[in-house]
Protein chains: 2
Amino acid sequence: MKELIDHIKKNEQTYIEELIEFLKIQSISAMPEHNDDMKKCAQFVSDKLKQAGLSRVEIFTTEGHPLVYGEWLGAPGKPTVLVYGHYDVQPVDPIELWENPPFEPVIKGRKIFARGATDDKGQLFMHVKSVEAYFKKYGSLPLNIKFLLEGEEEVGSINIEPFIKSHTDLLKCDTVLISDTSLYEKGVPTLTYALRGLSYMEIEVTGPNRDLHSGSFGGAVANPINVLSEIISKLHDKKGKITIPEFYKDVAVLTKAEKENIKRLHFSETKFAKDLGVAELQGEAGFNTLERIWARPTLDCNGIIGGFTGKGAKTVIPSKATAKISMRLVPNQEPNKIAKLFTKYIKSIAPKSVKVKVSFLHGGSPCMIPLTDKATISATKAMEKAFNKKIVYMREGGSIPIVNTFVKSLKASAVLMGLGLDSENLHSPNEHFDLNHFQLGIISSALFIDEYSK
Amino acid sequence: MKELIDHIKKNEQTYIEELIEFLKIQSISAMPEHNDDMKKCAQFVSDKLKQAGLSRVEIFTTEGHPLVYGEWLGAPGKPTVLVYGHYDVQPVDPIELWENPPFEPVIKGRKIFARGATDDKGQLFMHVKSVEAYFKKYGSLPLNIKFLLEGEEEVGSINIEPFIKSHTDLLKCDTVLISDTSLYEKGVPTLTYALRGLSYMEIEVTGPNRDLHSGSFGGAVANPINVLSEIISKLHDKKGKITIPEFYKDVAVLTKAEKENIKRLHFSETKFAKDLGVAELQGEAGFNTLERIWARPTLDCNGIIGGFTGKGAKTVIPSKATAKISMRLVPNQEPNKIAKLFTKYIKSIAPKSVKVKVSFLHGGSPCMIPLTDKATISATKAMEKAFNKKIVYMREGGSIPIVNTFVKSLKASAVLMGLGLDSENLHSPNEHFDLNHFQLGIISSALFIDEYSK
């Protein structure tokens, strides 16, 4: 494999230049005004799969953004790997906090800055390039490969779900390889074995049928912002536990082995707090920070708006106030069930003086992968070789709801070979990706293909 | 006075056409992009004072928007009335709820729709026209008259305050006549004898130093929206009382006579709730709706914003969340003192996991006028004649902070001769003014000049 690795290293500049083109495309799936960019981006990805050497590449239209599929099945009798990734990105607000425009990639030192750099364009591109390198160097792969790249991961993967379920023959594989998670630390090879799920809700509180003068009406009628605030304040108790009845019922308890593994990582809460610029951390009592992020369900307001929010002062009681609230779920919580419990609880605590509408915007299941799986063992060997360091197994607070769908629908295993870093500002201004990890990711991907084919 | 009243009635159409021109000017004092409109509006008002027949009219520049002054002092030995009003208006958001553009006045039946129609352009214009009618009909007034019209009432009357204090000779008068309040009911002559004051605050909560992915960080760090919501929820107890320590200390208790007066008005809470479209009213326990609005201090969120507020779902923990919160004050609460108590309390309940900044945006003192005052008696007679009905004395939930400044600095009394209606959507979309009240207001103003000159 040495010559393949050398080839990858030698071509780094070209790979980076291609990645820059990829990052320039404003593929924000949440914003309808970027629909054309989404199409452009799907075409770009499709072209790159062809260039890599796949024998069949196809863009599948959906009711939302397109899916890009590719395959090379020239190794009969050998295992099949399905690479999954997403070419869509998060919105860029607050735009004023970006040091460089989010869609004009800039390299500073060994970091590339752009929306989508680490989540997930940079990471999915590693596998495209490892396959390309393989074909360039050996003319073929030692196993069969498929790609399925979606454009709706940041908006709930709505259309890929039914696609997977209705295309199980097309997508049939032994394992699904995904790079959309993080390394435990810079330069430390890491495999993620569990992900949190998600129930994303919206609450709209309506009070009076019109905006009112707070002088002429203040004190006589429920204020939707005050009511919404009170509802939100009732979602946690003083110990940071979520108060929704039966919320914790299905939560898988952390095993002793997992707790000990976390202890061995010597995670520094002080450094974590300092990096975030907070004087004190806050979370569920009885758990440390990694346990809270990796293995405990949580609830966060993702957005709130109501009344006058411009500069200065307007003395108004608004008619409406709205909040977006999401819950991160852990095995074995079920998103639909949690959404129902949430809705029921909100309705039960809302006063009669307002109308409350609760909507379930989207959800995703949590997931756990056994460490004894053949693909996990191959990925461990590949990453340890690429990094020349011992692997770390971790859980992850984020969600890739699609993992469960793949595992269940295709009866395949999964490998979460993430090369990002939590500090790379994913979903925030100044998102970036470490170019050393980009190269190590391409090498790890190539070595995984080699190991898993044995 | 009959011929004067006839003259006013005959000229109604002209007065309305002039009012329409006045309402077309986009004099939103809170928005710097309307600074030129503010100047244009000051010039319009100044021209109308000249046209009315005043002998001296002057525009005083300030650090904010201009003040328009006018006077006619041709009745030595007779009382002097100072008319106060404001030519600035509230912002128009949410613009999409207006049935007609807010600065393109439309008359439907006997109502004129436009931003500022009732608050306060329509009302201040009544006095300009009554003076004009007097001059047209008799060539002079039976007393001395001054006008002081400001362009910053909706943003806290910042610059008129020092102007009054430094121009007490210029503004010297016996009473200040103000029309910026409401009639108790359509067609019922009303004088307001007490106003609430205001302390308008802003709270900014900062958590992590950047927006975070709610998956990778959710549960490990304080979320500024959740914290802000909790802070807001702690500002009222279960009985609707404000929890800020010492908040109620200086509150003047409602007298037995006032409580009985309120009872006699037969205010319908059912109708009030129905008009607002709410199933249930909500407020401080132990008080009825009119008592809550007129005589009790209250606290309302006027605006809140944080995180992702667009369409769809973004899984972010925002770095900041902000709320605008105002308190309506009653005699003898003092805005600066209340602002300090508020700030101290917020700081005391904020967790260490966030930074909290509290700002005092502006304030105004509450006010109470004795019903035995000569000007009040003259105004009572004038309105009862104009309307041919018995007067109602009421308090008002809104604030005209400037009233206290006039009374104290000029050692004058005050008359709050409001011709608006609470149902006329002031500060809201589709603001309007009843044209019958516009005419009755011009007549009441003229009759007041006559009565008070005796």
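For residues in the stretch B:290-321 being within 19 Å of the chain's Cα centre (by Cα) and facing chain A (nearest Cβ under 7 Å), which is surrounded by the fewest Cβ atoms within 10 Å (Cβ to Cβ)? This residue is B:Gly303.
Quick one: would you say A:Thr255 is more than 8 Å from chain B (Cβ to nearest Cβ) and more than 25 Å from B:Ser233 (Cα to Cα)?
yes
Considering only residues in the stretch A:88-141 that are more than 13 Å from A:Asn430 (Cα to Cα) and either small (Gly, Ala, Ser) or outside the structural domain of A:Ser27 (by TED's automatic domain parsing) (or both), the one that is surrounded by the fewest Cβ atoms within 10 Å (Cβ to Cβ) turns out to be A:Gly109. Taking the residues in the stretch A:268-284 that are of a type in the set (A, V, I, L, M) and in a helix (DSSP H, G or I) as candidates, determine which candidate is nearest to the other protein chains (Cβ to nearest Cβ). It comes out as A:Leu276. Would you call B:Met417 surrounded by fewer than 22 Cβ atoms within 10 Å (Cβ to Cβ), closer than 26 Å to B:His266 by Cα and either within 20 Å of the chain's Cα centre (by Cα) or not assigned by TED's automatic domain parsing to the domain that holds B:Leu141 (or both)? Here the answer is no, as B:Met417 does not meet what is asked.
Within the stretch B:19-57, track down each residue that is of a type in the set (Ser, Thr, Tyr), surrounded by 20 or more Cβ atoms within 10 Å (Cβ to Cβ) and out of contact with any helix residue (DSSP H, G or I) (no Cβ under 6 Å at 6 or more places or on another chain).
B:Ser46, the sole residue that qualifies.
Scanning the stretch B:352-373 for residues that are closer than 24 Å to B:Ile145 by Cβ, away from every other protein chain (no Cβ under 13 Å) and surrounded by 15 or more Cβ atoms within 10 Å (Cβ to Cβ) yields a total of 2.
Just give me the residues in the stretch A:267-289 being buried (at least 18 other Cβ atoms within 10 Å of the Cβ) and acidic (Asp, Glu), in sequence order. Hit for the stretch A:267-289 is A:Glu284, nothing else.
For B:Ser157, the stated conditions hold: it is touching a helix residue (DSSP H, G or I) at 6+ places or on another chain (Cβ under 8 Å) and at pLDDT below 95.
Could you check the stretch B:192-201 and list, in sequence order, the residues that are at the interface with another protein chain (Cβ under 8 Å from one of its Cβ atoms) and either farther than 30 Å from B:Thr376 by Cβ or without any contact (Cβ under 8 Å) to a residue 12 or more places away in the chain (or both)?
none
Okay, residues lined up against (1) in contact with a strand residue (DSSP E or B) (Cβ under 7 Å, 6 or more places away or on another chain); (2) at pLDDT 95 or above; (3) under 18 Å from B:Lys146 (Cβ atoms); (4) in the same structural domain as B:Asp120 (by TED's automatic domain parsing):
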{"position": "B:Lys24", "(1), (2), (3), (4)": "no, yes, no, yes"}
{"position": "B:Ser27", "(1), (2), (3), (4)": "yes, yes, no, yes"}
{"position": "B:Phe44", "(1), (2), (3), (4)": "no, yes, no, yes"}
{"position": "B:Lys48", "(1), (2), (3), (4)": "no, yes, yes, yes"}
{"position": "B:Ala52", "(1), (2), (3), (4)": "no, yes, yes, yes"}
{"position": "B:Ser55", "(1), (2), (3), (4)": "yes, yes, yes, yes"}
{"position": "B:His65", "(1), (2), (3), (4)": "no, yes, no, yes"}
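Going by what's in this entry, would A:Gly156 be described as surrounded by fewer than 21 Cβ atoms within 10 Å (Cβ to Cβ) and within 28 Å of the chain's Cα centre (by Cα)? Answer is no for this residue.
Looking across the stretch B:207-238, the residues that are in a loop (DSSP other than H, G, I, E, B) and more than 7 Å from chain A (Cβ to nearest Cβ) come down to B:Lys234, B:Leu235, B:Asp237, B:Lys238.
For A:Val81, the conditions (1) closer than 27 Å to A:Thr405 by Cα; (2) assigned to a loop (DSSP other than H, G, I, E, B); (3) touching a residue at least 60 places away in the same chain (Cβ under 8 Å) all hold with the exception of (2). With respect to the conditions (1) within 11 Å of another protein chain (Cβ to nearest Cβ); (2) surrounded by 24 or more Cβ atoms within 10 Å (Cβ to Cβ), B:Ser179 lacks only one, and its number is (1). Pairs are defined by a Cβ separation below 6 Å, a sequence spacing of at least 6 or placement on different chains, a first member in the stretch B:30-50 that is in contact (Cβ under 8 Å) with a residue 40 or more places away in the chain, and a second member that is of a type in the set (Lys, Arg); no pair meets this definition. Cβ separations smaller than 7 Å between residues 6+ apart or across chains give the following pairs from the stretch B:285-296 residues that are basic (Lys, Arg) to residues that are in a loop (DSSP other than H, G, I, E, B): B:Arg292/A:Gly219; B:Arg292/A:Ala220; B:Arg292/B:Gly283; B:Arg292/B:Glu284; B:Arg296/A:Gly219; B:Arg296/B:Glu284; B:Arg296/B:Phe287; B:Arg296/B:Val330. Which one of B:Phe287, B:Phe247 is part of a loop (DSSP other than H, G, I, E, B), closer than 25 Å to B:Asn404 by Cβ and facing chain A (nearest Cβ under 9 Å)? Of B:Phe287, B:Phe247, the one residue that is part of a loop (DSSP other than H, G, I, E, B), closer than 25 Å to B:Asn404 by Cβ and facing chain A (nearest Cβ under 9 Å) is B:Phe287. Filtering the stretch B:326-351 to residues that are under 15 Å from B:Leu228 (Cβ atoms) and facing chain A (nearest Cβ under 9 Å) leaves only B:Pro351. When A:Phe163 is tested against (1) more than 13 Å from chain B (Cβ to nearest Cβ); (2) out of contact with any helix residue (DSSP H, G or I) (no Cβ under 8 Å at 6 or more places or on another chain); (3) surrounded by fewer than 16 Cβ atoms within 10 Å (Cβ to Cβ), exactly one condition is not met: (3). The criterion of being touching a strand residue (DSSP E or B) at 6+ places or on another chain (Cβ under 7 Å) and at pLDDT below 95 does not hold for A:Thr298. Scanning the stretch B:369-420 for residues that are among the small types (Gly, Ala, Ser), closer than 25 Å to B:Ala117 by Cβ, touching a helix residue (DSSP H, G or I) at 6+ places or on another chain (Cβ under 6 Å) and modelled with pLDDT of 95 or more returns B:Ala379, B:Ala382, B:Ala386, B:Ala414, B:Gly420.
Residues in the stretch A:58-73 that are under 19 Å from A:Phe125 (Cβ atoms) and crowded, with 19+ Cβ neighbours inside 10 Å: A:His65, A:Pro66, A:Leu67, A:Val68, A:Tyr69, A:Gly70, A:Glu71, A:Trp72.
The values are calculated or read from the model by the stated rules, or taken from the named source; none is laboratory data. None of these values were measured; they are calculated from a predicted model. All Cβ positions, glycine included, derive from the backbone under ideal geometry; neighbour counts span all protein chains shown.
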